[in-house]
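Visitor: One structure coming up, written as structure tokens, with questions to follow.
The values are calculated or read from the model by the stated rules, or taken from the named source; none is laboratory data. Small disclaimer: the values here were computed from a predicted structure and weren't measured. Counting neighbours? That spans all protein chains shown, and the Cβs are built from the backbone with ideal geometry, glycine included. Keep in mind that these areas ignore ligands, DNA and RNA; they rest on the heavy atoms of the full protein, side chains included. Shrake-Rupley method; radii C 1.70, N 1.55, O 1.52, S 1.80 Å.
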Amino acid sequence: MAGSALRKGYLVLYNAASAVAWAMILVRVASVYSANGAGAVPLVVDDFARVTQTFAVMEIFHALTGIVPAPLFTTLMQVASRLMLVWGISYPFPQLNTSTWYSSMLTAWSTTEVIRYTYFALKQFDFIPYFLHWLRYSAFLVLYPMGISSEVAMIIKALVGPADKLATWYPYALVAVLLSYIPGSVILYSHMLSQRRKQVGGAKGAAKKAKKSQ
């Protein structure tokens with residue numbers, strides 16, 4: 001009983017804190033982009049977004065230990081690809097972060113994570129409004145293509161730009177990363193479609209399934 005309560009408390013805290021952090025990123029990106037354009041976005045969000053995304057390595061720990069019933073392989077794929085973007089692209093090549101692709105990437109990531117983490121925080125109380133349940137398993141239909149195209153564009157900008165100045169082998173590494181997106185994106189998108197069919201699928205009782213879902 002004590003262990004279950006501790007796990008619940010931890011998951012509430014972790015998911016709520018993550019939802020707030022990503023909401024701050026979303027608000028900052030939207031407000032600064034609308035007021036001053038894409039060039040000003042990294043000035044107010046770059047470091048915070050990098051730290052917030054790095055903290056997501058906890059997702060791998062959660063999957064490994066069974067704290068949450070998340071599939072380890074897809075969790076590894078998603079976390080690794082994002083870490084590559086924040087540490088392998090935006091950090092060594094900050095000049096690329098003034099691109100609209102950087103802003104659209106963060107918008108897709110942050111919107112996705114606000115929905116996801118809010119869902120998981122409320123899940124601990126067995127209280128998930130249907131609109132949130134629907135967003136959890138439907139928003140990716142727009143957000144995933146938006147995010148993946150932005151990520152690919154950022155990698156290509158680095159590849160045809162400053163990558164070879166970092167190291168002679170770096171462009172080859174980026175080509176390998178780009179090629180990995182072909183099977184990787186198919187696997188992740190197929191997984192999300194499968195989850196959507198199970199959790200939404202037009203059934204009236206879908207919200208009741210929320211407490212059993214990932």
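Visitor: Would the stretch 39-51 turn up any residue that is closer than 30 Å to residue 124 by Cα, without any contact (Cβ under 8 Å) to a residue 40 or more places away in the chain and open to solvent by 20 Å² or more (accessible area, probe 1.4 Å)?
Guide: Yes, because at least one residue in the stretch 39-51 is closer than 30 Å to residue 124 by Cα, without any contact (Cβ under 8 Å) to a residue 40 or more places away in the chain and open to solvent by 20 Å² or more (accessible area, probe 1.4 Å).
Visitor: Let me ask another. From the list 5, 40, 35, 17, exactly one residue is under 20 Å from the mean Cα position of the chain (by Cα) and among the small types (Gly, Ala, Ser). Which is it? First the steps, then the outcome.
Guide: On the way: 5 fails: under 20 Å from the mean Cα position of the chain (by Cα); 40 fails: under 20 Å from the mean Cα position of the chain (by Cα); 35 fails: under 20 Å from the mean Cα position of the chain (by Cα).
Exactly one residue qualifies, and that residue is 17.
Visitor: Checking residue 140 against (1) under 22 Å from residue 43 (Cα atoms); (2) within 15 Å of the chain's Cα centre (by Cα); (3) surrounded by 21 or more Cβ atoms within 10 Å (Cβ to Cβ): exactly one of these is not met. Which one?
Guide: For residue 140, the exception is condition (1).
Visitor: Assuming residue 72 fulfils every condition listed in (1) within 23 Å of residue 20 (Cα to Cα); (2) modelled with pLDDT under 95 apart from one, which condition is it?
Guide: Answer for residue 72: the failing condition is (1).
Visitor: OK, next. State whether the residues of the stretch 77-87 include one that is open to solvent by less than 20 Å² (accessible area, probe 1.4 Å) and either part of a loop (DSSP other than H, G, I, E, B) or of a type in the set (D, E, K, R) (or both).
Guide: First, pick out the residues of the stretch 77-87 that are open to solvent by less than 20 Å² (accessible area, probe 1.4 Å): 79, 82, 85-86.
Those still in the list that are either part of a loop (DSSP other than H, G, I, E, B) or of a type in the set (D, E, K, R) (or both) too: 82.
Yes; the residues of the stretch 77-87 include at least one that is open to solvent by less than 20 Å² (accessible area, probe 1.4 Å) and either part of a loop (DSSP other than H, G, I, E, B) or of a type in the set (D, E, K, R) (or both).
Visitor: Within the stretch 117-134, can you find the residues that are surrounded by 20 or more Cβ atoms within 10 Å (Cβ to Cβ), in a helix (DSSP H, G or I) and not hydroxyl-bearing (Ser, Thr, Tyr)? First the steps, then the outcome.
Guide: Filtering the stretch 117-134 down to residues surrounded by 20 or more Cβ atoms within 10 Å (Cβ to Cβ) leaves 117-123, 128, 133.
Subset that is in a helix (DSSP H, G or I): 117-123, 133.
120, 121, 122, 123, 133 - these are the residues of the stretch 117-134 that are surrounded by 20 or more Cβ atoms within 10 Å (Cβ to Cβ), in a helix (DSSP H, G or I) and not hydroxyl-bearing (Ser, Thr, Tyr).
Visitor: Looking at residue 156, is it at pLDDT 95 or above, part of a helix (DSSP H, G or I) and touching a helix residue (DSSP H, G or I) at 6+ places or on another chain (Cβ under 6 Å)? Please lay out each step first, then the result.
Guide: On the way: at pLDDT 95 or above: yes; part of a helix (DSSP H, G or I): yes; touching a helix residue (DSSP H, G or I) at 6+ places or on another chain (Cβ under 6 Å): no.
Spelling it out, it is not the case that residue 156 is at pLDDT 95 or above, part of a helix (DSSP H, G or I) and touching a helix residue (DSSP H, G or I) at 6+ places or on another chain (Cβ under 6 Å).
Visitor: Within the group 63, 70, 16, 21, which residue is outside any helix (DSSP H, G or I) and touching a residue at least 12 places away in the same chain (Cβ under 8 Å)?
Guide: Details: 63 fails: outside any helix (DSSP H, G or I); 16 fails: outside any helix (DSSP H, G or I); 21 fails: outside any helix (DSSP H, G or I).
70 is the lone residue from the list that is outside any helix (DSSP H, G or I) and touching a residue at least 12 places away in the same chain (Cβ under 8 Å).
Visitor: Quick one: in the stretch 167-186, which of the residues that are within 15 Å of residue 145 (Cβ to Cβ) and surrounded by fewer than 16 Cβ atoms within 10 Å (Cβ to Cβ) is farthest from the chain's Cα centre (by Cα)? Walk me through how you get there before you give the answer.
Guide: Narrowing the stretch 167-186 to residues within 15 Å of residue 145 (Cβ to Cβ): 181-182, 184-186.
After this cut, where a residue has to be surrounded by fewer than 16 Cβ atoms within 10 Å (Cβ to Cβ) as well, the list is 181-182, 186.
Values: 181: 15, 182: 18, 186: 16 Å.
Per the stated criteria, the residue is 182.
Visitor: For a quick check of your reading of the model, give me the residue pairs whose first member lies in the stretch 122-142 and is touching a residue at least 24 places away in the same chain (Cβ under 8 Å), whose second is part of a loop (DSSP other than H, G, I, E, B), with beta-carbon atoms closer than 6 Å and at least 6 apart or on different chains.
Guide: Pairs found: 137/200.
Visitor: For residues that are aromatic (Phe, Trp, Tyr) and open to solvent by 40 Å² or more (accessible area, probe 1.4 Å), tally how many sit in the stretch 99-116. Before you say what the answer is, go through the steps one by one.
Guide: Within the stretch 99-116, the first condition is being aromatic (Phe, Trp, Tyr), and the residues that meet it are 101-102, 109.
Restricting the remaining residues to those that are open to solvent by 40 Å² or more (accessible area, probe 1.4 Å) gives 101.
Total satisfying the criteria: 1.
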